[in-house]
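Okay, so here's the structure we're looking at.
The values are calculated or read from the model by the stated rules, or taken from the named source; none is laboratory data. Keep in mind that what you see is a predicted model, and the values were worked out from it rather than measured. We place every Cβ from the backbone using ideal geometry, glycine too, and count neighbours over all the protein chains shown. Each accessible area value is taken on the protein alone, full model and side chains, heavy atoms only, with ligands, DNA and RNA left out. Shrake-Rupley method; radii C 1.70, N 1.55, O 1.52, S 1.80 Å.
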Amino acid sequence: MTDRHGRTRSAWADVVLLLIGACFLLPLLWLVLGSLDPAAGHSTKVPQQPGLENFAAVFTPELLFRPLWNSLLLSAGTGLVTLVAAVLAAYPLSRYRSRFNTPFMSGILFGTCLPVTAIMVPVYGLFVQLRLLDSMPATVLFLAATSLPMAIWMTRNFMDAVPVALEEAAWVDGASRLSGLRSIVLPLMGPGLGVVFIFVFIQAWGNFFVPFVLLLSEASQPAAVSIFSFFGQHGAVAYGQLAAFSILYSVPVLALYAIVARGSGNALALAGAVRG
């Protein structure tokens with residue numbers, strides 16, 4: 001009796017998981033089928049005459065290459081600036097014990113709760129006064145500032161996992177704190193740095209609102225903004241080109257994830273060797 005009830009609950013759990021998986025699979029299936037269908041619509045269907053016309057239509061500098069390059073500059077710049085600032089901010093929080101650590105970390109956690117849309121009006125006014133509108137470096141710095149609270153919180157947790165005894169051994173050999181951070185701590189927390197970078201990169205890669213407000217010219221807009229060029233007037237949508245562009249838009253993120261995941265294995269092996 002108990003086994004029968006257990007199998008029933010397991011069957012219902014499998015059904016629920018299949019339904020959840022279908023909810024994620026159907027949009028991806030529409031992307032693949034729609035990108036190969038010259039007459040694609042909003043419904044998911046197998047194309048009668050599949051072809052690569054949609055990819056050929058978006059494979060132009062104006063529609064694909066320039067927006068992707070802008071997205072790469074924006075996301076990679078945001079990730080690098082955020083990562084450097086997060087490491088420098090997380091190191092004293094991890095290595096020094098103070099009564100201000102907990103209030104400071106609580107304040108950082110509160111900073112992650114503030115929506116970017118709530119501060120865009122004063123930020124836009126500040127950019128206008130400083131004449132920084134349509135400036136890629138200024139937009140990178142603002143995106144890095146918005147991503148920094150969560151990055152500091154994540155980096156500090158990864159840094160706490162690195163034993164202080166390893167740094168102390170380096171200090172005995174004459175290394176400074178900065179060289180110990182560079183040669184001991186950062187290599188051992190390589191997988192954590194990769195996680196933080198991917199987290200910030202994906203946030204900036206898919207950010208629409210901030211570049212839409214701060215980057216005005218089409219030459220500076222990333223792919224997250226230019227994708228709306230496939231939505232025409234009076235409700236007309238180029239579904240096939242939209243699906244093809246969406247697939248090409250997701251390739252750099254998937255490639256970055258694969259590269260970082262491959263490098264994380266080597267970093268983990270190094271960490272295990274040192275700790276052993």
Original post:
Could you give the Stokes-Einstein D for the chain in µm² per second, using the C-alpha Kirkwood radius, 20 °C, 1.002 mPa s?
Top reply: 97 µm²/s
Subject >> Fraction of the pair-distance distribution of segment 1-106 above 21 Å, Cα-Cα pairs, percent >> reply: 70 percent
Original post:
Which whole DSSP H helices in the chain pass both tests: a Cα extent of 27 Å or more along the axis and a mean Kyte-Doolittle value no lower than 0.5?
Top reply: 2-35, 66-95, 136-160, 239-275
Subject >> Förster radius 51 Å - calculated FRET efficiency between Arg182 and Arg9, Cβ distance, rounded to 0.05 >> reply: 0.45
Original post:
Using a 1.4 Å probe, how large is the accessible area of Tyr257, given in Å² and rounded to the nearest 10?
Top reply: 140 Å²
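Once the Cβ-Cβ distance between Asp160 and Leu254 is put in as r, and R0 is 25 Å, what FRET efficiency do you end up with, to the nearest 0.05?
On the way: r = 30 Å, r/R0 = 1.21.
About 0.25, to the nearest 0.05.
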Subject >> Computed accessible area, Cys113, all protein chains, 1.4 angstrom probe, square angstrom >> reply: 100 Å²
Subject >> Accessible surface ranking that places the most exposed of Trp205, Trp171 first, with a 1.4 angstrom probe >> reply: Trp171, Trp205
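Taking the convex hull of the Cα atoms, report for segment 93-150 its projected area averaged over all directions, in nm². Kindly include the intermediate steps, with their values, before the conclusion.
Details: hull surface 20.4 nm².
For the Cα atoms of segment 93-150, the hull's average projected area reads 5.1 nm².
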Subject >> Kirkwood hydrodynamic radius over Cα pairs of segment 38-195, then Stokes diffusion coefficient at 10 °C and 1.306 mPa s, in µm²/s >> reply: 82 µm²/s
**OP:** Would you tell me the accessible area of Leu26, worked out with a 1.4 angstrom probe on the heavy atoms of the protein chains, in Å² to the nearest 10?
**Re:** 100 Å²
**OP:** Just need the relative contact order of the chain here, percent rounded to a whole number, with Cα pairs under 8 Å and 6+ apart.
**Re:** 29 percent
Original post:
Once the Cβ-Cβ distance between Ser106 and Lys45 is put in as r, and R0 is 45 Å, what FRET efficiency do you end up with, to the nearest 0.05?
Top reply: 0.30
